[in-house]
Amino acid sequence: MITEQDIERAEARVTEMKERGKRLRMANRDETADAVRLEMGRLVELKAAKERQDAALKARKAAERPHAPELKKMGAELSDSAGAVDKARREATQALEKLVSALRDHNTAVSAAHARLLALGLPLGDEAVDHYESGAGGAGVLHLGGKPWAPVPVDTMVQHVVAELMKQEFGPKHPAARVRDIRGHSLLRGSAGALKIA
């Protein structure tokens, strides 16, 4: 977009070149004259481009005028839909915050159960994991009533939720739907009763 300030700057350059020519008088006069002609040419081109731009803007405004009510309505509809998107984004963020909070509470409960099983003298060695109904294994993993439990990293859960949404929306081949780092946590495998998500 060519502005009046652009024209004023170009005119100032031409004036500066002319003044420089007067100061130099005879020395480098040809060079200075060439520079003045060059700046004058640029100024003429800029003014012509500005006139074409102004004419195009005037024609566009004239073309838009009969459609002004429709354009105003479209703008209002887009503002409303953008507002709805922003509201949904905020609600989604709040929902993810609730998910993260619930997951942290669950992980705290898993840690407490793990510590209690150890205090009760019910550790699980790696070889005993599948032999006992209940016990505390390594890395915070435990078995209780035959079900495996483990802490689930927040990033893994959020990644899983996003991958499920992308899979529903764009199909399983979408890059965001292909989660490569879903670790074998009971919540993600769906073996945790009411907390099934898979």
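The values are calculated or read from the model by the stated rules, or taken from the named source; none is laboratory data. The shown structure was predicted, so the numbers you read here are calculated from the model rather than taken from an experiment. Using ideal geometry, Cβ is built from the backbone for each residue, glycine included, and neighbour counts are taken over all protein chains shown. Just so you know, the surface numbers come from the protein's heavy atoms only, side chains and all, with ligands and any DNA or RNA stripped out. Shrake-Rupley method; radii C 1.70, N 1.55, O 1.52, S 1.80 Å.
Search region 1-18 for residues that are at negative phi and surrounded by 14 or more Cβ atoms within 10 Å (Cβ to Cβ) and pair each with any residue that is at pLDDT below 90 and hydroxyl-bearing (Ser, Thr, Tyr) when their beta-carbon atoms are under 9 Å apart and the residues are at least 6 apart or on different chains.
Taking only residues 6 or more apart or on different chains, the pairs are 17/32; 18/32.
List the number of the failed condition for residue 50; all other conditions in (1) open to solvent by less than 50 Å² (accessible area, probe 1.4 Å); (2) in contact with a Leu (Cβ under 9 Å, 6 or more places away or on another chain) hold.
Going through (1) open to solvent by less than 50 Å² (accessible area, probe 1.4 Å); (2) in contact with a Leu (Cβ under 9 Å, 6 or more places away or on another chain) one by one, residue 50 breaks only (2).
Just to be sure I understand, how many residues within region 134-163 are open to solvent by 60 Å² or more (accessible area, probe 1.4 Å) and in contact (Cβ under 8 Å) with a residue 24 or more places away in the chain?
Adding up the residues that qualify gives 2.
Among the residues of region 70-97, how many are farther than 30 Å from residue 3 by Cβ and either surrounded by fewer than 10 Cβ atoms within 10 Å (Cβ to Cβ) or under 20 Å from the mean Cα position of the chain (by Cα) (or both)?
Of the residues in region 70-97, 16 are farther than 30 Å from residue 3 by Cβ and either surrounded by fewer than 10 Cβ atoms within 10 Å (Cβ to Cβ) or under 20 Å from the mean Cα position of the chain (by Cα) (or both).
Each row is one residue, and each column tells you yes or no for (1) at pLDDT 90 or above; (2) at positive phi; (3) exposed (fewer than 10 other Cβ atoms within 10 Å of the Cβ); (4) not in a helix (DSSP H, G or I).
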| residue | (1), (2), (3), (4) |
| --- | --- |
| 22 | no, no, yes, no |
| 26 | no, no, yes, yes |
| 45 | yes, no, no, no |
| 55 | yes, no, no, no |
